[in-house]
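Structure record follows, encoded as structure tokens.
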Amino acid sequence: MIHNTHRHYLRGAHLRGTCLAAMLALGLAQAPAALAAPSIYPTGVTRYDPARAYNSYVLFGDNTNENDTKTYLIDMNGHVVHTWGHAGFPTKMLPPGAMDGKKGVIGVEISHEKSNGIGIIPGLPDVYQTKEIGFVGWNDKVLWKGGTAAPGGALHQHHDWARLPNGNVLALGSWQHEIPDFGKRVMYDDVIYELNPKGEIVWQWVTSEHLGELGFSDKQLAMIHNTKLLDYFHINDMEPLGPNHWAKAGDTRFAPGNIMISARNANFTAIIDRKTGHVVWEIGPNYPARNLLLGADKVPGPINQISGQHDSHMIPEGLPGAGNILIFDNQGEGGYPPVALNPLGGTRVLEIDPAKKEIVWSYTGRSSDMPEWSFYSPIVGSAQRLPNGNTLIDEGTDGRVFQVTKDGAIVWEYVSPYQVRVPVAALPGRQPVVGNLLYRVQAVPYDWVPAGTPHAEKPVKALNPADFHVPTSE
């Protein structure tokens, strides 16, 4: 059996159709066995160095399996220490002071609209059908819910939500309506709702009303208006800014309460002024080219081509890198028009100085002495800066979560054993496709949950993949 850490090194060119051709051109072709992902691999914790890791619980949930929705809390040895019968898109835990001092409160989907199996894309999971979101306690009882005040009585919440210091909730939703300049068709227009404790909408921001503020040329706007993608931007992140040193120094673009958004299909990350609704900061949608065939990325250095990104957010105060922007740069297809991607590249995590618009730190497969393509998630994924300076990374499509030091050493790694329905259309006559996809994960400090919750911190040594074999039958 091949150890999962090295599984990513070996899977090679199948990740991109152009990768093998590029390798052959460079004289780097390997034996066929080194170019295919294994069908059998270990799950659970596959390596762990307690002395170098940030030790915590890890939270993840799934709301794509309507009949088996669940959230898991695991310890550093992969033991499930608690579960809830709800999950969200995403599931996140609130700090203990957020709701009357209660510990172990998570945000989740509360109710779901029935759609006969048809979500935003026919035949795929109904991930845009959330009617209400809310919070449930450690005992899984609903503490608050809201969403029926949205158009049509449903939020159609997706990808993100946030609880504000005043107790209100921001929800990223999908408003399904006809948009001027898009023709006579119902589009999926990303909208941000602010709900008060009564569930009433007290503020909203609609993407289509701000297309001219996002850096697109007239030609690109014409492409957007004529796109076949009903979910034309696919905003996948929405995060209010907290206190930060930029704002304290007088830069109002980064005022606490302003909202950062990220659009996967359109390759931009932007900040919305909460008071005016105008876009006051952005990177993308157009970047300088990136070509790994001509040389490795230079860090620190200027921002180059980001594509299909997820989880753009400002690192909170009190953490190493506070005030910088952390982005999970999938390097999946995106853009108007779709940008050229690197045949030898993979996903990367970027830390960006937002004032200089400069990359100050990055993680790629090369950071861990493997090729760039060894770390790759064309969709989903997240990154979280930890108190000791490490970064928790969710390589979402493979269900692999790992923690790296600043210099790229992997000090903890976990592979999810939980199979869920994934956003790949089933072939005619076959069952829906399943995999161990993880949309987003969260490191949860030990003191965020009720006292007495167990946890283990036993080291796990990374083993040589040559030592793993599937036993043969006698």
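Throughout, read-outs are computed from the coordinates displayed, never taken from laboratory work. This structure is a prediction, so every number in the text was calculated from the model and none was measured. Here the Cβ positions follow ideal geometry from the backbone for every residue, glycine too, while neighbour counts run over all protein chains shown.
Regarding Glu333, is this residue among the charged types (D, E, K, R), under 20 Å from the mean Cα position of the chain (by Cα), surrounded by fewer than 23 Cβ atoms within 10 Å (Cβ to Cβ) and assigned to a loop (DSSP other than H, G, I, E, B)? Judged against the criteria, Glu333 is a match.
Quick grid of which residues meet (1) under 18 Å from the mean Cα position of the chain (by Cα); (2) buried (at least 23 other Cβ atoms within 10 Å of the Cβ); (3) within 22 Å of Arg440 (Cβ to Cβ); (4) basic (Lys, Arg):
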| residue | (1), (2), (3), (4) |
| --- | --- |
| Phe233 | yes, yes, yes, no |
| Asn236 | yes, yes, yes, no |
| Glu239 | yes, no, yes, no |
| Pro243 | no, no, no, no |
| Ala247 | no, no, no, no |
| Ala255 | no, no, no, no |
| Asn267 | yes, yes, yes, no |
| Asp273 | no, no, no, no |
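Among the residues making up region 62-87, those that are closer than 18 Å to Val401 by Cα and touching a Gly at 6+ places or on another chain (Cβ under 6 Å) are Thr71, Gly78.
State all residues of region 143-166 that are in a loop (DSSP other than H, G, I, E, B) and surrounded by fewer than 20 Cβ atoms within 10 Å (Cβ to Cβ); if no residue qualifies, say none. Passing the criteria: Thr148, Ala149, Leu164, Pro165, Asn166.
Against the condition closer than 25 Å to Pro337 by Cβ, surrounded by fewer than 20 Cβ atoms within 10 Å (Cβ to Cβ), free of Cβ contacts under 8 Å to residues at least 24 places away in the same chain and of a type outside the set (S, T, N, Q), how does Lys228 come out, does it pass? Yes: the conditions hold for Lys228.
Name every residue in region 408-422 that is in contact (Cβ under 8 Å) with a residue 24 or more places away in the chain, under 21 Å from Pro38 (Cα atoms) and not β-branched (Val, Ile, Thr), in order of residue number. Those that are in contact (Cβ under 8 Å) with a residue 24 or more places away in the chain, under 21 Å from Pro38 (Cα atoms) and not β-branched (Val, Ile, Thr): Glu413, Tyr414, Ser416, Pro417, Tyr418, Arg421. Just to verify a result, which residue in region 369-425, among those that are of a type in the set (Asp, Glu) and outside any loop (DSSP other than H, G, I, E, B), is farthest from Tyr72 (Cα to Cα)? So the residue we want is Glu372.
Is it true that Val280 is in contact (Cβ under 8 Å) with a residue 12 or more places away in the chain, surrounded by 19 or more Cβ atoms within 10 Å (Cβ to Cβ) and within 21 Å of Glu213 (Cα to Cα)? The answer is no for Val280. Across region 452-461, what is the number of residues that are over 15 Å from Trp412 (Cα atoms), in contact (Cβ under 8 Å) with a residue 24 or more places away in the chain and surrounded by fewer than 12 Cβ atoms within 10 Å (Cβ to Cβ)? So the answer is 1. Kindly establish whether Arg348 is under 15 Å from the mean Cα position of the chain (by Cα), within 25 Å of His245 (Cβ to Cβ) and among the basic types (Lys, Arg). In short, no.
With respect to (1) part of a loop (DSSP other than H, G, I, E, B); (2) out of contact with any strand residue (DSSP E or B) (no Cβ under 8 Å at 6 or more places or on another chain); (3) hydrophobic (A, V, I, L, M, F, W, C), the lone exception for Ile306 is condition (2). Among the residues of region 337-382, those that are in contact with a Phe, Trp or Tyr (Cβ under 7 Å, 6 or more places away or on another chain) and surrounded by 22 or more Cβ atoms within 10 Å (Cβ to Cβ) comprise Gly345, Gly346, Thr347, Arg348, Val349, Glu351, Thr364, Ser374, Val380, Gly381, Ser382.
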